Structure formats: C-alpha cells, structure tokens
1. Condition check: surrounded by fewer than 22 Cβ atoms within 10 Å (Cβ to Cβ), modelled with pLDDT of 90 or more and more than 23 Å from P164 (Cβ to Cβ). Does R122 satisfy that?
2. Going through the range 10-67 one residue at a time, which ones are aliphatic (A, V, I, L, M) and within 30 Å of L120 (Cα to Cα)?
3. Quick check on the range 96-106: of everything there that is open to solvent by 40 Å² or more (accessible area, probe 1.4 Å) and not small (G, A, S), which residue is nearest to the ligand (Cβ to nearest atom)?
4. Mind listing whichever residues of the range 7-54 are open to solvent by 60 Å² or more (accessible area, probe 1.4 Å) and free of Cβ contacts under 8 Å to residues at least 40 places away in the same chain?
5. Out of the residues in the range 176-188 that are surrounded by fewer than 23 Cβ atoms within 10 Å (Cβ to Cβ) and within 21 Å of the chain's Cα centre (by Cα), which is farthest from R243 (Cα to Cα)?
6. Only one residue in A22, A98, A72 is among the hydrophobic types (A, V, I, L, M, F, W, C), more than 18 Å from the chain's Cα centre (by Cα) and at pLDDT 95 or above. Which one?
7. Give the residue that is most open to solvent (accessible area, probe 1.4 Å), with candidates limited to residues of the range 55-86 that are assigned to a strand (DSSP E or B) and charged (D, E, K, R).
8. Sort out which residues of the range 65-92 are without any contact (Cβ under 8 Å) to a residue 40 or more places away in the chain and within 13 Å of the ligand (Cβ to nearest atom), and write them in order of number.
Amino acid sequence: MDAARAQQLHNALARVNQRIDAACMTAGRDPSEVHLIVVTKFFPASDIALLQAEGVTDVGENRDQEAGPKLAELGAVAPGVRERLGVHFVGQLQTNKAASVAEYADTVHSVDRPRLVTALDRGVRAATERGGRGGRAGPPAGPLGVLLQVDLEEGRRAGRGGVPPTGLAELATAVAATEHLQLRGLMAVAPADGGASATERAFRTLAHCADGIRADHPAASWISAGMSGDLESAIAHGATHLRVGSAILGSRPPLR
Ligand SMILES: *Cc1c(COP(=O)(O)O)cnc(C)c1O
C-alpha cells in the first residue's frame, strides 16, 4: 500500500469529518444521524481498501462499467474488504444496466422511472436465484435498497435524471409493490448553477418531499443529499446520507 496516499486520505477524511461535526453542531443534530458515503468514481480499488482501513464503511459509484470491474478487482487486491463494504450506486442508470448493478449494489440512489423499478426488481430476483448478490461470501444480501431521485431543477435541465416532486408518490407506490426492492427514501443533487440560495431552496424542497413520502412509507427515512461543496447546507436541511467525492479523494479528471 502507498503510505503517502494513505496519509493523504487520512487527512482529507479528518477534514471532512470535522466539517460534518461542525455542521451538525450548528444544526443541532447528532452526528450519528449523518452517514458518509465516499464517492470513489474514477479512483482505484486500492483507494477503497485504504478508505476502509480509515473507518469508511460505504462507497458510492456512478457508472456500471467502472464499478463492476473495480469491485471484482477489490477482492484480488484487498481480500476481505469487499465483504464489509456498503456499495451505493448514485449515477444515472440505464435500464439495460439494472441487472448488473443489482448484482453488487446494496442501495441504488437514482431511481426515477417505473421501467427502472421493474428492471431492478427482476435483476435482484435473478441474482438471488443464482445464489446471492452483493459479491458477498455469505448469504444473499436480501432486498435492494432504493432511493427516488428528485429533480429539483424544475425541468430546467433535462437529462440529469430525477422525477419531479409531483411524480414521487406514484413511483414510491411502484417500489413498495415490488418483491425485491425496499424503499429507503429520497436523493437529490443540488442545481449546478444558481449559487448558495438555489442550493438552500433545493434542499428545503427535498426535505418537504421527504416528509410527504414518509407519511405514506414510514421506513423511507433516508435523505441522500450533500456533496463536497454543499454538505453543510444538506445537513442543515436534514440530510441523513452525504455523498462526498473530491473533498476526500482529490479532483477527478474532467468529464469527457
Ligand atoms: C460524483 C458524485 C458525487 C460526489 O461529488 P463531489 O462533488 O466530488 O463530492 C455525489 N453524488 C453524485 C450523484 C455524483 O455523481
């Protein structure tokens, strides 16, 4: 293992945990209610092993073609790590990749349409029939956790995924009716432009949507929101799961 990289991750993780603690203090929240998911997209399996040694329990990935091979490789480079790792799929998901993601993910954060619900449910069933999913050595990992991604841009930017708030109740009902999926809550990405006030407004809307969903589905208590740049605001508005990448792993190569 690369000792310099380990030190870098250790320091960055400490800084992010300090930010989380400070934001919880300001918001009057207990830090144990706020879970950190480290988004490891673009970074190697070896980083996941180092992060776990630093106490990270959960990672996020956003592309199936990267996540599948990386998690498989993890077994080879770091025996025992994969079995104890929570894996979250946080990116936009094509229906034809759903079965693959259902093999290794514990939770999918980006469910935004009925066809994807059907495809994931089928994928979990198929994987379970083959003897397990989640890449675990032990028994099958059970149902797949699902979050509904809310479109907080009010349709201004098509293509980033998400269901408008008005479509949430129906989609939640569809998830609840499946055999292999478990509705865990809501997820959102703050608008890319509009600054701090737009972010605040978006997270406030998300909290309001989450109240609505919980009224009908009491177990759906997760609010997945907050990234490197806006985790304080997300915590102020009730986020339970943060998805933090670059503040811990460093900057990623620019998107092609
Ligand atoms: C990459 C990504 C993140 C992490 O973003 P950072 O700004 O690097 O913290 C969070 N959520 C989703 C959906 C992502 O794709």
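The values are calculated or read from the model by the stated rules, or taken from the named source; none is laboratory data. For clarity, every value in this text was computed on a predicted model and none was experimentally measured. Methodologically, a virtual Cβ is constructed for each residue, glycine included, from the backbone with ideal geometry; neighbour enumeration extends over all protein chains shown. Only protein heavy atoms, including side chains, enter the accessible area calculation; ligands, DNA and RNA are left aside. Shrake-Rupley method; radii C 1.70, N 1.55, O 1.52, S 1.80 Å.
1. On the way: surrounded by fewer than 22 Cβ atoms within 10 Å (Cβ to Cβ): yes; modelled with pLDDT of 90 or more: yes; more than 23 Å from P164 (Cβ to Cβ): yes.
Answer is yes for this residue.
2. Matches in the range 10-67: V34, L36, I37, V38, V39, A45, I48, A49, L51, V56, V59, A67.
3. Our first condition is that a residue be open to solvent by 40 Å² or more (accessible area, probe 1.4 Å); within the range 96-106, this holds for 96-97, 99-100, 103.
From what's left, not small (G, A, S): 96-97, 103.
On the way: N96: 20, K97: 15, E103: 20 Å.
The qualifying residue nearest to the ligand (Cβ to nearest atom) is K97.
4. Passing the criteria: Q7, N11, N17, Q18, D21, M25, G28, D30, S32, P44.
5. From the range 176-188, those surrounded by fewer than 23 Cβ atoms within 10 Å (Cβ to Cβ) are 176-180, 182; that's our starting set.
Next, only the ones that are within 21 Å of the chain's Cα centre (by Cα) stay: 176, 178, 180, 182.
On the way: A176: 25, T178: 26, H180: 24, Q182: 20 Å.
The qualifying residue farthest from R243 (Cα to Cα) is T178.
6. Numbers: A98 fails: more than 18 Å from the chain's Cα centre (by Cα); A72 fails: at pLDDT 95 or above.
Only one candidate qualifies: A22.
7. Step one: list which residues in the range 55-86 are assigned to a strand (DSSP E or B), which gives 58-61, 86.
Among the residues that remain, those that are also charged (D, E, K, R) are: 58, 61.
Details: D58: 39, E61: 5 Å².
Once the filter is applied, the top-ranked residue is D58.
8. Those that are without any contact (Cβ under 8 Å) to a residue 40 or more places away in the chain and within 13 Å of the ligand (Cβ to nearest atom): E66, A67, F89.
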